[in-house]
Amino acid sequence: MSVDPRYAVLFEPVQIGPVTARNRFYQVPHCNGLGFTRPRAEAAMRGMKAEGGWAVVATQECEIHPTSDLAPGCEARLWDDRDIPALAAMAEAVHEHASLAAIELAHNGFHAANLLTRTPPLASNHMVTDSIQPLQARAMDLADIRALRRWHADAAKRALKAGFDIIYVYAGHHMTMPHHFLSPELNQRSDEYGGSLQNRVRLTRELLEDTREICDGRAAVAFRLAVDDMAGTGGMQAEEEGRAIVEMLAELPDLWDVNVAGWPNDSQTARFAPDEGYQEPYVSFVKQVTTKPVVGVGRYTSADRMAALIRKGVFDMIGAARPSIADPFLPAKIEEGRIDEIRECIGCNICAAMDWFSVPIRCTQNPTMGEEWRRGWHPEKIAPAASDAPVLVVGSGPAGLECALQLSNRGYSVTLAEAGRELGGRSRRESGLKGLGTWSRVRDYRATLLSQRADVEIFLESELTAEDILAFDFAHVYLATGARWRADGVGRSTRRAIPGLDGVAVLTPDDIMDGALPGDGPVLVWDDDRIYMGGVIADHLAAAGAEVALATPAPMVSPWTENTMEQGRIQAGLLAAGVGLRLSQRLVRIEAGEAVLACEYTGTETRLPCATLVTVTERAPERALYDALRAQDHGLTTLAAIGDALAPGLIADAVHAGHMAARNHERDPAEAEAELFTREMVSL
């Protein structure tokens, strides 16, 4: 097999100190909700990346000491020798596929509240902790700094015992002690570790030197640095102190892993950073300053863009977290000429959200992510068909497309019936809203592959009845008919229809996605969903020229999006667009052309002019076809509602449901149910 010459540069080996990466694809450290609590799942997930062609596969941040306790977070942990076996399992899984294993050692300083260990948090100065906890961190004295260096050195020694090839010093994301000491905002010390940049760099230099001495040619030393705090004046800026730090330490590490801080800036959603390479303006100088290899990120999914970055000398290696989650086999697919089979990251940050919840990682595009060990799912392999019986899938939204694709991958003959004129369901329709254009990739990836399959028939504008389905020769039927947003106002805080809706024009997000726009007069978006759609709809309508207000019982807009690290940008964007925000307000009724709102805390009522009400509350599953079939003596071997038609959720949930339906098709139900009980148990 020969690599397309356009991409051959991506498959050149790279020397990183004493070790060699087999190509230029580098999975940078990223959290995943697995960590020390689920080491088998962690090893299986990282090993899958190595199998998929990533030459370097890193852990997430790894706590080095009980004074850096991120509980209840599930990160990596290397407090003492008892933690070595769990991390060794990951290193072994990566080595099995000839890739290098990297570990990101971290002391999180005042970012760690130490809720488990109950030790006072440590910091460069006395300050409140970075989390909303009734705690303050104590300022480190020189003895504490010496202890920190010892803890880091001991963790590096354990990392070598665990078999890691690359050991990190981590100064990024506003999360780690070296970054805190580098920061002109956070470091207010007046001793040799504070004040001038030279002094603020001292701790980082010492950690790098300590780690080099310990590795002593047995492993490479990587330095992860946020070159810009994205805080403007007063913070660290790439063109000033960021560059100066790189110049001071240019040849000390074996590899530079560069990005921006904090995590919401480094991992911006596609809604606010739609293009690949959005960090390049900040990090492209690094390669000009050091002779050591440089890796950077930017949600890269285009092989052409990756190759151009290498040729231009911007990076030596293409770093990825989210693209490696969306498609662990991205490098292999480029190498094998299967570009159209790449599952491109949509930049939704569902992966990051699960880390905030301390549960196993998941991905909208890749439903196998986090299921490699628990269910034994492989992103590129699936069990062959158990029979030659054809399958009918009704509905081509995320669940239907994924179900049809995976049934085809198993070898089944599949008929996909879609009532509309286009494939994609909600993934297509939501991608038409402002900021969500990349969400069309959910449809595009699956529709492209399905269109190439000889064993798949696709019928558009085919709205089927129960009688139609029973007249066909199908024993197996999956109904992915989706859900529709309610127009009566029933939602989280209001379990009954809102009075007075007949006196105002009422639209739902479905109406907006279908192309409807409000008429003249003020528009009120009533967001009792509180996930992401309310903020999206308000922004979309404001951009279309409407006079928009948004009311929600929550104290902020789209509070769930704090987990996808975009809530601040959403609220700032709405304010900039002139959207009036009525927070902590519940919609009580519509009366005489006005919306009557009540304060969530006092019940005090206020009135707001309202010509059009857009209700963003909850979705009702489209179950009429399913219920009609169940009401008959249908004789079908399989009849199942999947995705939103069963229980509305995120697009990621719908894709996962479609995938699981295909995996479990014609499988013993008891065997499938047993997987739910698979857990990693602590032995006593």
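The values are calculated or read from the model by the stated rules, or taken from the named source; none is laboratory data. Here the structure is a predicted model, which means the values were calculated and not measured. We place every Cβ from the backbone using ideal geometry, glycine too, and count neighbours over all the protein chains shown.
Among the conditions (1) within 30 Å of Leu100 (Cα to Cα); (2) out of contact with any Ser or Thr (no Cβ under 6 Å at 6 or more places or on another chain); (3) of a type in the set (A, V, I, L, M, F, W, C), Val221 misses just one, which is (2). One residue stands out among those in the range 574-603 that are on the phi < 0 side of the Ramachandran plot and either hydroxyl-bearing (Ser, Thr, Tyr) or assigned to a loop (DSSP other than H, G, I, E, B) (or both): the one that is surrounded by the most Cβ atoms within 10 Å (Cβ to Cβ), which is Val579. Residues that are farther than 23 Å from Trp263 by Cβ and hydroxyl-bearing (Ser, Thr, Tyr) number at least 3 in none of the strands (runs of 3 or more DSSP E) confined to the range 64-174.
Taking residues in the range 460-471 that are among the polar types (S, T, N, Q), and partners anywhere that are surrounded by 13 or more Cβ atoms within 10 Å (Cβ to Cβ), the pairs with Cβ atoms closer than 9 Å and at least 6 places apart or on different chains are Ser462/Val394; Ser462/Ala417; Ser462/Glu418; Ser462/Ala419; Ser462/Asp468; Thr465/Leu625; Thr465/Ala628.
Name the single residue that is surrounded by the fewest Cβ atoms within 10 Å (Cβ to Cβ) among those in the range 305-328 being of a type outside the set (Val, Ile, Thr) and within 14 Å of Met369 (Cα to Cα). Taking the candidates together, the pick is Ala321.
As a summary of the residue check, Pro331 satisfies the conditions (1) outside the structural domain of Gly649 (by TED's automatic domain parsing); (2) assigned to a loop (DSSP other than H, G, I, E, B); (3) buried (at least 24 other Cβ atoms within 10 Å of the Cβ); (4) touching a residue at least 12 places away in the same chain (Cβ under 8 Å) except for the one numbered (2). Residue pairs whose Cβ atoms lie under 7 Å apart, separated by 6 or more positions or on different chains, with the first residue in the range 258-282 and in contact (Cβ under 8 Å) with a residue 40 or more places away in the chain and the second assigned to a loop (DSSP other than H, G, I, E, B) and among the polar types (S, T, N, Q), are Asn259/Gln279; Ser267/Asn349; Thr269/Asn349; Thr269/Thr564. The sole residue among Val504, Val477, Val490 that is touching a strand residue (DSSP E or B) at 6+ places or on another chain (Cβ under 7 Å) and either farther than 26 Å from Asp627 by Cβ or assigned by TED's automatic domain parsing to the domain that holds Val525 (or both) is Val504. A single member of Leu646, Leu613, Leu676 is under 29 Å from Thr368 (Cα atoms) and at pLDDT 95 or above, and it is Leu646. Number of residues in the range 609-640 that are touching a helix residue (DSSP H, G or I) at 6+ places or on another chain (Cβ under 7 Å), buried (at least 16 other Cβ atoms within 10 Å of the Cβ) and more than 30 Å from Thr552 (Cβ to Cβ): the value is 5. Against the criterion of being more than 30 Å from Gln365 (Cα to Cα) and surrounded by fewer than 18 Cβ atoms within 10 Å (Cβ to Cβ), Thr606 qualifies.
Quick one: Ala544 ticks every box in (1) under 30 Å from Met660 (Cα atoms); (2) among the hydrophobic types (A, V, I, L, M, F, W, C); (3) surrounded by fewer than 22 Cβ atoms within 10 Å (Cβ to Cβ) except a single one, so which number is it? Just one mismatch for Ala544, condition (1). Residues that are farther than 21 Å from Ala645 by Cβ, surrounded by fewer than 23 Cβ atoms within 10 Å (Cβ to Cβ) and not aromatic (Phe, Trp, Tyr) occur at least once in the range 413-431. Among the residues of the range 334-357, the ones that are part of a loop (DSSP other than H, G, I, E, B), surrounded by fewer than 17 Cβ atoms within 10 Å (Cβ to Cβ) and either among the small types (Gly, Ala, Ser) or touching a helix residue (DSSP H, G or I) at 6+ places or on another chain (Cβ under 7 Å) (or both) come to 1 in all. For the range 1-26, what are the residues that are outside any loop (DSSP other than H, G, I, E, B) and surrounded by 14 or more Cβ atoms within 10 Å (Cβ to Cβ)? Correct list: Tyr7, Val9, Leu10, Phe11, Val14, Gln15, Ile16, Val19, Ala21, Phe25, Tyr26. Based on what the data block shows, is Glu61 among the acidic types (Asp, Glu), part of a strand (DSSP E or B) and either crowded, with 23+ Cβ neighbours inside 10 Å or modelled with pLDDT of 95 or more (or both)? Criteria met by Glu61.
Every residue, every condition in (1) at pLDDT 95 or above; (2) over 15 Å from Leu182 (Cα atoms); (3) not basic (Lys, Arg), yes or no:
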| residue | (1), (2), (3) |
| --- | --- |
| Met230 | no, no, yes |
| Gly235 | no, no, yes |
| Arg243 | yes, no, no |
| Met248 | yes, no, yes |
| Asp257 | yes, yes, yes |
| Trp263 | no, yes, yes |
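The residues of the range 606-640 that are touching a residue at least 60 places away in the same chain (Cβ under 8 Å) and among the polar types (S, T, N, Q), listed by number, are Thr612, Thr615, Thr617, Gln632, Thr637, Thr638.
Per-residue answers, yes or no, for (1) touching a strand residue (DSSP E or B) at 6+ places or on another chain (Cβ under 9 Å); (2) within 16 Å of Ala654 (Cβ to Cβ); (3) in contact (Cβ under 8 Å) with a residue 12 or more places away in the chain:
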| residue | (1), (2), (3) |
| --- | --- |
| Asp355 | yes, no, yes |
| Thr364 | no, yes, yes |
| Arg375 | no, no, yes |
| Ala389 | yes, no, yes |
| Glu402 | no, yes, yes |
| Tyr412 | yes, no, yes |
| Glu422 | no, no, yes |
| Trp439 | no, yes, yes |
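Residue count for the range 214-229 satisfying the condition of being in contact (Cβ under 8 Å) with a residue 40 or more places away in the chain, of a type outside the set (Gly, Ala, Ser) and either farther than 20 Å from Val289 by Cβ or surrounded by fewer than 24 Cβ atoms within 10 Å (Cβ to Cβ) (or both): 3. Looking at this structure, is Arg663 buried (at least 21 other Cβ atoms within 10 Å of the Cβ) and farther than 25 Å from Met513 by Cβ? Spelling it out, Arg663 is indeed buried (at least 21 other Cβ atoms within 10 Å of the Cβ) and farther than 25 Å from Met513 by Cβ.
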